């Protein structure tokens, strides 16, 4: 059984170009991570600073392991520095 992790980011107006590059890289790289089946990267039409990722993972542990690697490498801190507010993310399952 797989699960979805949905997270929304709001980039600062002056960091959109850098954040967009990261999102394009995520589209390519994240599906190659063990346990990740797919990722959709969405951009809000009405507010181009807002991005949402819909990630499909084998299980919660796989996602959390990848998140820990991002934090340990310092990549997560870099992403947070580009944001206007804390990201909002949650796990979901199909019904």
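Quick rundown of the values:
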| item | result |
| --- | --- |
| Residue ID - surrounded by the fewest Cβ atoms within 10 Å (Cβ to Cβ), chosen from residues in the range 47-61 that are free of Cβ contacts under 8 Å to residues at least 40 places away in the same chain and either closer than 17 Å to residue 17 by Cα or in contact with a strand residue (DSSP E or B) (Cβ under 7 Å, 6 or more places away or on another chain) (or both) | 47 |
| Selection status of residue 64, in a helix (DSSP H, G or I), surrounded by 12 or more Cβ atoms within 10 Å (Cβ to Cβ), within 14 Å of the chain's Cα centre (by Cα) and free of Cβ contacts under 8 Å to residues at least 12 places away in the same chain | yes |
| Cβ-Cβ under 7 Å pairs, at least 6 apart or on other chains, the range 1-16 side in contact (Cβ under 8 Å) with a residue 40 or more places away in the chain and at negative phi, far side outside any strand (DSSP E or B) and surrounded by fewer than 15 Cβ atoms within 10 Å (Cβ to Cβ) | 2/58; 3/59; 3/60; 3/93; 10/84; 10/85; 11/84; 12/84 |
| Test: residue in the range 67-74 that is without any contact (Cβ under 8 Å) to a residue 40 or more places away in the chain and either at positive phi or not in a helix (DSSP H, G or I) (or both) | yes |
| The range 75-89, residues that are in a strand (DSSP E or B) and either under 12 Å from the mean Cα position of the chain (by Cα) or at pLDDT below 95 (or both) | 88, 89 |
| The lone exception for residue 25 - which of (1) part of a helix (DSSP H, G or I); (2) over 11 Å from the mean Cα position of the chain (by Cα); (3) surrounded by fewer than 13 Cβ atoms within 10 Å (Cβ to Cβ) it fails | (2) |
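The values are calculated or read from the model by the stated rules, or taken from the named source; none is laboratory data. Predicted model, so just to flag it, every value in this text is computed and none were measured. Ideal geometry is used to build each Cβ from the backbone, glycine not excepted, and the neighbour counts take in all protein chains shown.
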